[in-house]
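Since the structure comes first, as C-alpha cells, the remarks are kept for the end.
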Amino acid sequence: MDNKFLQRVRRKDKIAKTFIQVCGIMVIVCVFAILALIVKVTLPLLSPSKITDAQKVALSAQVSGTPLAIGIDSYGEALHLIDQEGTITFLDARSGAVITQATIQGQGKSQIRQIEQYKNSFYNILWQDSSLSMIEVRYQPKFDTEGKRTIEPSFRTIKLWPALAEPERLAQSYVRLSADNRFSRIDLLTDNTLTINHEVTTTDFLDNQTTENFSVRIEETLPGKVSTLALDDSGLALYAGTDNGYVVRWDLADNDAVKKTDTFAATENSDPIASLGLVFGGQSLVVGSKSGTVQTWMQVRAEANNAIKKMQMIHVLEPHAAAVSTILSSRRSKTVYSISEAGIIHADHMTSENHLFTIPDAYQVFGISQKDNALIALDSKRFIHIWQIDNPHPEASLKTLFGKVWYEGYNKPEYVWQSSSQSDDAEPKLSLIPLIFGTMKGTLYAMLFSIPLAIFGAVYTSQFTSAKFRKSIKPIIEVMASVPSVVIGFLIALWLAPIVERSLFSLVVALFVVPLLFTLVMVCIQPFYRNRRFVNFLSGYEFLFMLPVLFIGGWLAVRLAPGLESLLFHGNFKLWLYQDMGMRYDQRNCIIIAFGLGICVIPIIFSITEDAISNIPPSLTAASLALGASRWQTVWRVILPSASPGIFAAMIIGFGRAVGETMVVLMATGNTPIMDWSIFNGMRTLSANIAVEIPEAPFGGTLYRVLFLCATVLFALTFVLNTGAEIIREHLRKKYGRY
Amino acid sequence: MKKFVRRGEPFVWATGMTLSIIITMTVLLLYVVIANGIGVFWPQKLVQLSLNDGRVVLGEITKEEKDGNNVSRLQLKIGNREINGLDFTWISEPDIRSRSYPADLYVIERQENGNFYGTLAEVHSPEITVAEGQGTLVSALGKARHNLQPLLMTKQQISRKIGALNLALEKVNQKLAGYRYQHMDEKDKRIITLVDAETKLKTQFATLVDGGKQNTEELAAYYAIFKTADGKESTVRLADMVRLYQPNRMGLFAKIRHYADKLVELFIADPRESNTEGGLFPAIFGTVMLVLLMSLLSFPLGVITGIYLREYAHPGVTVKIVRIAVNNLAGIPSIVYGIFGLGFFIYGIGGALDQFFFPERLPTPTFGTGGILWASLTLGLLTVPVVIVATEEALGSIPPSIREGSLALGATRFQTLTRLLLPMASPGIMTGFILAMARAAGEVAPLMITGVVKLAPSLPIDGQFPYFHLNRKFMHLGFHIYDIGFQSPNVEAAKPMVYVTTLLLILIVLSMCSVAIYLRNKMRARYAIADV
C-alpha cells in the first residue's frame, strides 16, 4: 500500500478523533453555558445599588443669595437652584454655566421664609410677608433635526396665595394640588393650632368653572408643640409631629371637616420629631427624630376590630448621627432619602430595609431627579456635586425574594408573589417562597399518587407477569411516555376536572370500595390456591383479573356515592368540606394535578425501576427461590433491597420531572400563588410562573431577572436531583457489573 | 388462608392491580381523545324541539347528562350567534313536548359568527330572485353559488396582489430607511428612484383597493334569506358561506363525502373564527418546519457525542462528567430551555444580529424577537440527549468482535466507524432521531417563550425572496391546543376543534414513536444472539 494513502487515512482518523472529542465535551459546555447564562441575567438583582460621583462644579457667582433648594433633571444635564431672594437659576450640569435666571413672583418683594418640595418637582414657597407661591419646575427634552437632545428647563407658578392679615402668627404652610383640582392649604399658627383651607374647582358639562372655598380649624389640644408637618401628595392625609415625639394624623378627605384618626408616640423617650415625609404612594410615613432615628409607619388593621386602622411602626431604617432635617422620597420606588443636620445623606429602601448608600461629607441642600437616577447636593463651600444612582432593581433583595416582608396594605409580614398591580405606585411583591411552595406541593401530591403505581407496576411487570405480556406492556408505557404534556394538561383540565368536580365524593368512596372489594376477592380466591393447576393458570395473568375488580369497584362507588353522601354529609360533600372543615374546593386542584403529573412521570419511574430490577443477576432470584422463598418473599426480601438504590434514583428522576413540568400545571391549576397545603385547591409553580409572566416582563427589568432566578432555582433543583440519581446509578452499574 | 397471606400472594395481586390501573389510565386517555376527536366532522342530525312553553329550538344535540336533581337535560348547539348571542343552550328533558327532524333544514358554515341553522326562504342574485318553492329555491341557490365563483376568484386574486404589493412596498421602505440611516442626501439618485417607486406602488395599491371595493359590492348582490326555527329571518351573503348542507337529508355516502371534505379542509385550509373553525394548515406547517430545523442542530451533535461516549472516550472522570451532563440535559425542565433561548438566542444572538445587520429597522427587532429559528435551536438543545442515548445504545449493541475484526484487518478507527459501526447502528440511531422529533413535536412550554403565536400572518417559507424567513413567528399544533382550549373566549364552541387538534397531534407523535420502537426492537433482535 502506498504511503501517501496511509498518511491520508491516518490524518483523517486523527482529525475525526479530535472533532468527535470536542463535540463530546460540548455537552458539558452546553450544561454550564445554560447555567452561566441564566445566573448572569439573575446576578444584577442582588448587586448593591451603585452611586458614582459624576460631577463637581463650582456654583456660579451669579447666584447671590443662600441656596434653599436644588434639583436636577433625569438626564443629569440641567439643574435648578432656588435661593433665599426668590431667584430660580437654571444651570448646565456639566459646565456650571447659567442657562437662565428668573425671579419667582411673590406678592411683593420679599424673602423666602420656608420652602417645601413635593413630587420632586413642585415647590411651595412661603414668603416673609406670608404670601405663598406654588411653582412647578419642568425639564423638557427637545430634539433638533439631527436628533440631538437638549434640555429646556422652565418653571411656572401654579397659584399664588395673598398675604394673611397677621403674618407674624403664621409658623408654617403646606399646600397640595390634587388630581381632581383641589388645592389644600394647611397653615400652622404660632399658637399651636392648624387651619385647613380647601379650594375646590369643579367644571360642569358646559365648561363653566365654579370655585368653592372651605375652611376648617383644628383647635384641640395637641400632645405637644408641633414641630413639623407632612401632607400627602393629593392633600388627603395630614401628619403633625410634635417636639415631644408624638405624631397626630388627620383625614382630610372631606372638604368641610377633618377627622383625627390617630395620635401615637413615634419615638422613644419623647425624642422630638425633627422631620416627616411620605414614601412614594403616600401610604407610609417616614419619621425622622432629633436623635437621628428614621422609621416608617403605616396604617394596619387592628386585630380586635377589622374596620379600624391604626398606625404602626413597620420598618426601621439606618439612623443618622444627628437630627434628620429633610426627607425626600423617590418617585419610582419605595426609596427614602434623608439628610441630617450634619449634612450627611442616607438612602434606604423602605420595604427591604436595605441601606443603599451614605454620602458622608457635609451638604446643605440636596435633591433627586424625577426618575430617581441622579442625586444633587450643594456643599458649604458652594460646590455642586452630582451623583448618578444606579439602582435598577430596588424591589429585589435576598430579603424580599426569600424572606417575609411587611408590604403596604398588609397586616403582617408575609411571603407574597404579586408581580404587577393596577396602580403605578404599588410595588411589585416578588417572594419566590409561594412559588417554591407551590412547586413542592404539586410535586409531592403527584409523587404520592405515582410512586406506588409506577414502582409496583414495574415490579409486577418484571417479576410476576409472563414474558409474552411483558413485551406488550412496555409499549403501553412508552405510549404513555410519549403523549405530549400539553395533551395531558388539556385533558385533565377540560375533561377530567369537571368530572372530578361533579363526582368528587364518588372518588372518595372509590378509595374505600376498591380496597374492600379487593380484600373480598382475595378471600374468595384463597381456597382455590390449593389447586396447583389453578395457580399455574393464574400466575402471570393477575393484572387481567384485576381489571374487572377495578371497574366493578369504580362502578359501585359511583352507585353508592349519592346515598352515602346524603346519609353522611346531608347530600353535599363539598359544602360539608367548606363549612365543617374550612376547605374550599377549587375545580382545578391538586387531585387533578396529581393525575396529570402522575401520567407524566409514571412512565419514567416505571421504566427506570424496571431496568433496575432487570439488572439484578438472576442468580440471586434463583438462589432465593431454591431456598424455598415464595415469589413475593423473593421480591420483597431479595430483589427490592438489591434494587433499592436504582428505585430511589427512579424516584428522584421522576421528582425532577414533576418539578419542571410546565404545561400540565399551567393548564390545570388556577395559577394562584397561595400557600395552603389543602389538596382541594391549586397553587402556582415556578415553571408555570415563568410561562405566565414572561410575556409581561420587559427585557432587563426586575421581573425579567426574577423569572430568570426562578429558572435558576429550577435548574439547581433538577441539577442536584439528576446528578444525585446518576451517581447512584453509576454506583449500581459497578456493583452489578461484577456478576 | 394464613399460608396464602404469608406467601404474599395478596401482595402479588395488589401489584397486579397497580399495573392494571396504569393500563386503564393510558387506554382511557387515548380513548377520550379518539372518541371526542374522531366524530367532530361527522354531520350530526338537526333536531327541532317544540317546548312546553311554546318555543321552538333547533340545533345539534352535543351532550346529554343528568343535572344536580337527577333530571336529564340536553345540551344543544343552536348556532345563529348574531341572533342568539350564545352558541349553546341547555334544555331539560321534561320541558320537551316533541322532537322532529325536518329534512329541509340547512346547516351553513359561515366565515363569521359560526354555524347557522334554518330553512331557506329566498335567494337573491343579479340574475334570478326566487322566494318560493323548496325545489326551485335549492336549485336557484346552487346556480347562484355557481355564478358567484368567478367573482370569488377575482376577490382572491385581488387579495393576493395586495399582499404582493404590500411586501414590495415594505421592501422599498426598508431600503429607504437604510439609506436615510446612512445619512444619504435626499437628492441622491438612489433615494429618488426609490421614492418614485414608492409613489408608483401606492397608485397601484389604490387602484387595487378600488377594484376590491367594486368586487365586494358585486359579491353583496348575491345573498340568501334563511328562516330560523322561530320564524326570524336572517340574511347570509353567499360569499360568506363556506359550506352548506342538509344533514337530515344526507345518506351514508353523502356523509362520508362531507367527512372527507372536512378532513381535507383541516389539512389544507387556514383557521377561521379565532382558530375554532377551519383548517390547521399553518399549524401543521409550523410544527413540521420546526421539527426539521431542530433536527439540523440536534442530530449531528447528538450522534457525535454518542460516538464519543461509546467509541472514543477512555473511561474516566471526563466520561463520568459527560454522562452526568447528558443526564442533566435530559432532566432540565423544558421551560428553563425556553428561558435560556430567550436570554441567549433571542436577546443575545438575535439582538447582536440586529445591531450589525439591521440597525435601520431598530427599535423594531428583526431577529431580536421570537422566531422559528430560535425556537428550533432551543428545541434542538432540548432533544440532544435523546439522540445521544439512542446512539450510545445502538453502538453498544454491536458486538465487539466486529470492531476487533475490522481493526485487526488494519482499518483505522474512523474507517471502522464510518464503514461498519454507523451503517450497522443506523436503525438504532434512526430511532433516536424519531424519538427526538416526536419529543419536539409535542413540546410547547419553551416555544411559548421563543416565538410561537396563536395566528401567524405569513408562513416561514413563501414565494418572496429570500424564501426562508427564519425570523418569522409561527404556529404550532401543541400551542394551538393550549390557545384555543384555554385562551379562547368561547371555550365550549372551541372544544371540538381542540379535540381534533389533540387527536392529530397524538396521532403524529404516537405514529412516530411506534415506528421508533419497532425499529429499536428490530435492532435489538438482530444482535441479540451475537451479543452473548
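Some values worked out for this structure:
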quantity	calculated
Subset tally (residues that are free of Cβ contacts under 8 Å to residues at least 40 places away in the same chain, assigned to a helix (DSSP H, G or I) and either small (Gly, Ala, Ser) or farther than 19 Å from A:Glu478 by Cα (or both)) for region A:578-620	6
Pairs where the first residue, in region B:78-96, is part of a helix (DSSP H, G or I) and the second is of a type in the set (Lys, Arg), C-beta under 7 Å, 6+ apart	B:Ile83/B:Lys232; B:Glu93/B:Arg73
Residue check, B:Val444 farther than 30 Å from B:Ala390 by Cβ and within 14 Å of chain A (Cβ to nearest Cβ)	no
Count of residues meeting criterion [part of a strand (DSSP E or B), touching a Leu at 6+ places or on another chain (Cβ under 8 Å) and not basic (Lys, Arg)] in region A:93-113	3
Segments classed as strands (runs of 3 or more DSSP E), wholly inside region A:202-254, with at least 2 members that are without any contact (Cβ under 8 Å) to a residue 40 or more places away in the chain	A:209-218, A:246-251
Tabulated pairs, region A:698-727, first within 7 Å of chain B (Cβ to nearest Cβ), second of a type in the set (Ser, Thr, Tyr) and surrounded by 16 or more Cβ atoms within 10 Å (Cβ to Cβ), C-beta under 6 angstrom, 6+ apart or interchain	A:Phe699/B:Tyr347; A:Phe708/A:Thr42
Unmet requirement for B:Leu30, which otherwise passes all of (1) more than 7 Å from chain A (Cβ to nearest Cβ); (2) modelled with pLDDT of 90 or more; (3) more than 33 Å from the chain's Cα centre (by Cα)	(3)
Segments classed as helices (runs of 4 or more DSSP H), wholly inside region A:451-547, with at least 1 members that are within 30 Å of B:Pro496 (Cβ to Cβ)	A:467-482, A:485-491, A:497-502, A:504-525
Every pair of residues 6+ apart whose Cβ atoms lie under 9 Å, when the first sits in region B:194-210 and is more than 17 Å from B:Lys171 (Cβ to Cβ) while the second is modelled with pLDDT of 85 or more	B:Leu208/B:Ile158; B:Leu208/B:Lys161; B:Leu208/B:Ile162; B:Leu208/B:Leu165; B:Val209/B:Ile158; B:Val209/B:Ile162
Among residues of region B:469-490, those that are surrounded by fewer than 14 Cβ atoms within 10 Å (Cβ to Cβ) and without any contact (Cβ under 8 Å) to a residue 60 or more places away in the chain, counted	1
Qualifying residue in region A:74-84 (condition: surrounded by fewer than 16 Cβ atoms within 10 Å (Cβ to Cβ), in contact with a strand residue (DSSP E or B) (Cβ under 7 Å, 6 or more places away or on another chain), more than 14 Å from chain B (Cβ to nearest Cβ) and free of Cβ contacts under 8 Å to residues at least 60 places away in the same chain)	yes
A:Phe469, sole failed condition from (1) crowded, with 19+ Cβ neighbours inside 10 Å; (2) among the aromatic types (Phe, Trp, Tyr); (3) modelled with pLDDT under 90	(1)
Pick from region B:274-301, criterion buried (at least 20 other Cβ atoms within 10 Å of the Cβ) and either of a type in the set (Asp, Glu) or at the interface with chain A (Cβ under 9 Å from one of its Cβ atoms) (or both), ranking: farthest from B:Ile398 (Cα to Cα)	B:Glu277
Boolean, A:Val664 is more than 7 Å from every other protein chain (Cβ to nearest Cβ), in contact (Cβ under 8 Å) with a residue 60 or more places away in the chain, within 11 Å of A:Leu435 (Cβ to Cβ) and part of a helix (DSSP H, G or I)	no
The one condition in (1) under 24 Å from B:Val32 (Cβ atoms); (2) within 11 Å of chain B (Cβ to nearest Cβ) that A:Ala458 fails to fulfil	(1)
Single match in B:Ser458, B:Ser514 (criterion: outside the structural domain of B:Arg160 (by TED's automatic domain parsing), within 21 Å of B:Ala441 (Cα to Cα) and modelled with pLDDT under 80)	B:Ser458
Members of region B:47-61 that are surrounded by fewer than 16 Cβ atoms within 10 Å (Cβ to Cβ) and not small (Gly, Ala, Ser)	B:Leu51, B:Asn52, B:Asp53, B:Arg55, B:Val56
Residue among B:Leu252, B:Leu238 that is of a type outside the set (Ser, Thr, Tyr) and exposed (fewer than 14 other Cβ atoms within 10 Å of the Cβ)	B:Leu252
Residue list for region B:489-510, filter: more than 10 Å from chain A (Cβ to nearest Cβ) and closer than 30 Å to B:Ser426 by Cα	B:Leu504, B:Leu507
Only listed residue being free of Cβ contacts under 8 Å to residues at least 12 places away in the same chain, assigned to a helix (DSSP H, G or I) and closer than 21 Å to B:Gly338 by Cα, chosen from B:Ala352, B:Ala375	B:Ala352
Filter result for the condition that a residue is in contact with a Lys or Arg (Cβ under 8 Å, 6 or more places away or on another chain), assigned to a strand (DSSP E or B) and surrounded by fewer than 16 Cβ atoms within 10 Å (Cβ to Cβ), over A:Pro153, A:Pro141	A:Pro141
So A:Pro673, is it in contact with a strand residue (DSSP E or B) (Cβ under 6 Å, 6 or more places away or on another chain) and not basic (Lys, Arg)	yes
Residues satisfying the stated conditions in region A:669-688, i.e. assigned to a helix (DSSP H, G or I) and at pLDDT below 90	none
Residue in region A:621-636 that is surrounded by the most Cβ atoms within 10 Å (Cβ to Cβ), counting only those that are within 10 Å of chain B (Cβ to nearest Cβ) and part of a helix (DSSP H, G or I)	A:Val635
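The values are calculated or read from the model by the stated rules, or taken from the named source; none is laboratory data. The shown structure was predicted, so the numbers you read here are calculated from the model rather than taken from an experiment. Heads up, the Cβs are rebuilt from the backbone with ideal geometry, glycines too, and the neighbour counts pull from every protein chain shown.
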